[in-house]
Structure formats: C-alpha cells, structure tokens
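The values are calculated or read from the model by the stated rules, or taken from the named source; none is laboratory data. Quick caveat: nothing in here was measured; it's all calculated off a predicted structure. With ideal geometry, Cβ positions are generated from the backbone for all residues, glycine too; neighbour counts draw on all protein chains shown.
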Amino acid sequence: MKLTISRNELNEAIQHVSKAVAARTTIPILSGIKIDADDRGVTLTASDTDISIQSFIPKETPDKTVATIHSGGSVVLPAKFFVEIIRKLPSEEVHMEVGDRFQTSITSGSIDIQLVGLDPEEFPILPVLEEDRVFSISGDQLKTMIRQTVFAVSTNEATPILTGVLWNLQDDVLKFVATDRHRLATSSVPCEAAEDLRFSNVVISGKTLGELSKIIPDQDVLVDIVVAENQVLFKLDNVLFYTRMLDGTFPDTTRIIPTSFRTELVLGTKVLSEAIDRAYLLSREEKTNIVRLMTTDSGGIEISSSSSELGRVQEQLAVDELKGEPVRIAFNSKYMLDVLKVVDSEQMFIGFTGAMSPIIIRPKGDSSLHLILPYRTTN
C-alpha cells in the first residue's frame, strides 16, 4: 500500500473511527485502526466488537483531489499513536507506505515516522446487514432525542438493559425511553417509515448513543438507520456506525406515568432552573441533593433547601398557571437540573398526584416527557 492523502481529511476520518477503538482489550488487533486503500479511496475502520465505525475518504471531492493511491492494500496501525501523530503533523500532505511485515512509513514535511503495523487479516469483519428494515431521520432530530433521554440511563452495570435507551417505532412515531428506576425521560418525533416497518424493545447503550451524537454533523443531514436482528447501523454521508443491541427486555414504563393530576403548574423554564440551581448549592452539601417545592397561599410556589452546617435558602417564585390542591414535595435537585438542561422550551408543565407520587415534567410545545420520583422526608 502506498498513498498520498490530505492531512485534514485523514484526521477527520480518524477522529470519527477512533471512538470505536477498544480502550482496554486483551486482543491487540482491536487497539488499532484498519486502513484500506483501493482505486475508490481510503477506508478507515475501528471496532471494539460492541460498536464498529467505518469512515470512507473518496479520492476526489468536487473541488479538489483528496488522495492519490499509488498502490492498494491494507494495514492496521496502533490507534493510540496514530490518532495523535496525524493530528500534529506540520504539512498538509501525508505520505504513507506499507513495507515488509506491515512496517509502515509515514512522512509529512520533514518528519519521517516508522510504525509497526499489524496484519489486517486478523481484524474483525464488519457485520453484513439486510437493509430491508431502514428508515431515515434528520440528524438534528436524532441528536435532540439522544440529548433529551441519554442522561437518564442507569450507570449500574448490574442491570445492563437500563444502561441503554429503548427505541420504539409504531404508527409512524419514533420514541426513545430511558430510566434508572429513579427517573425517566422520553422523547418522540413523527417518523415516516415503510408500512411494515415496526419495532419495539430495540435497546442501544447510552454510552454508544453519546458517541454517535458526536459524529452527527451540526449541519442538518439525513441519517439512514438500518435495524437488523441484533445490530443497528447508522449511515451518515461517508460514515457507517454499527452497534450491537443490548440483550434483555426493557421494563414497561407506561404504567407509572400518570394521566391526570391533583395539582398542575405552568411556569418559565429559566426561572425554575435558576431557583433550583441556587437551592442545589446547599442541598449538595448534605450529599442528598434534596430540594423542597410547595405551593403558597399567594398562588405561587416556594423552593427551599437546607444544610445542617450552612443554613437554609428559601425562594418565592411567581408562576404562569397553578390549579388544583396545595402540594408539598421533596425531590433530587440534581435530577431536576438534568431535566432543565435539556429543555428547549421557554415554558414547562409540571404535574403532581401527591407527595409520594411521580412528578411529571412536560416542556410546552415539545414531545418530550420527564418523570422524577420524589423523596420521603421526615419533616
């Protein structure tokens, strides 16, 4: 293999695929990035067996030549060094040549680097998926849905299924659900798909979705999604992102979401977020993060928290709408702040069905829904 390639395009492709390099592995080949060169261009691949990412660099774009392939071939290079060195090369052109026993020469400007490569034949083969179950969604929508749900996945590996986000596609609506048993986040968008394309209990690791979100470009693009038996493939321009589904059955969360409320509250997102943030300063000192919310006789609410060492904070907030019974409830302020960080709407609805029943948060004009379980407190 011998080629000359633009450093910027090579570096961008490396940054994409390096997200799938195995961090700790007993299989040396998985700590590398596979490079394939042929008459179409250069393909980079990395895999940790749970996720695999492939990025293709075409020889030419409409406005310039990106790569010149003098001779085709393949090699696997150690990712840890390869990622860093390409990013720090001084020249815009990178020359690569693979010699005997996969010894690889990389030159750029006055720098000459010799890397010990590995046999590409040992690299895992990417899964071949039947692409009959495919649908498309805008990259912006997909990133938003991930952002609105992934923070609520469990970090406890004892229940692996809850470390993922549940995907359901029914009646042209794509829905994400995440829960760690103390809180729940959902997000839905209309999604046109083939009439026979329906699925449920597709669960994808929250960590994986976080990596996928970083790869989706900021400019709006369509992402094609292929759902196979135990794999999901995301196709974005010149990047293919494969992930394995999590094994197990995701719990039915529909029964814990109340449909009617004893107390209903509408107020500004920013107003509540700033008040909770101030109350959190004291509540975190107690290691419990407990903040209390209660309705007031004046038709507003009071946010309060206390610390045995530091004291107490109380704040009265005006609301846009309040109806129903008086309520006094305690909850984890960190969980509430996590929700408020992902709410894009200026106003939000909060529903209560009692001091020990789930709190429901729905941003106005948004299809997301959040649930937080309250705390039982002695006072």
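Overview of values
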{"quantity": "Any hit, region 231-243, residues being assigned to a loop (DSSP other than H, G, I, E, B), buried (at least 18 other Cβ atoms within 10 Å of the Cβ) and touching a Phe, Trp or Tyr at 6+ places or on another chain (Cβ under 7 Å)", "calculated": "no"}
{"quantity": "Selected residue (only one of Arg198, Arg255, Arg262 is among the basic types (Lys, Arg), exposed (fewer than 13 other Cβ atoms within 10 Å of the Cβ) and either modelled with pLDDT under 95 or in contact with a Gly (Cβ under 8 Å, 6 or more places away or on another chain) (or both))", "calculated": "Arg255"}
{"quantity": "Residue within region 63-76 that is crowded, with 19+ Cβ neighbours inside 10 Å, among the hydrophobic types (A, V, I, L, M, F, W, C), touching a residue at least 12 places away in the same chain (Cβ under 8 Å) and within 23 Å of Ile125 (Cβ to Cβ) present", "calculated": "yes"}
{"quantity": "Count - residues of region 346-374 that are at pLDDT below 95, under 16 Å from Arg292 (Cα atoms) and within 28 Å of the chain's Cα centre (by Cα)", "calculated": "0"}
{"quantity": "Which listed residue, of Phe349, Phe331, is more than 18 Å from Thr179 (Cβ to Cβ) and aromatic (Phe, Trp, Tyr)", "calculated": "Phe349"}
{"quantity": "Members of region 29-84 that are aliphatic (A, V, I, L, M), under 15 Å from Leu10 (Cα atoms) and not in a strand (DSSP E or B)", "calculated": "Val66, Ala79, Val83"}
{"quantity": "Unique match (being under 22 Å from Gln231 (Cα atoms), charged (D, E, K, R) and surrounded by fewer than 17 Cβ atoms within 10 Å (Cβ to Cβ)) among Asp132, Asp112, Asp140, Asp100", "calculated": "Asp132"}
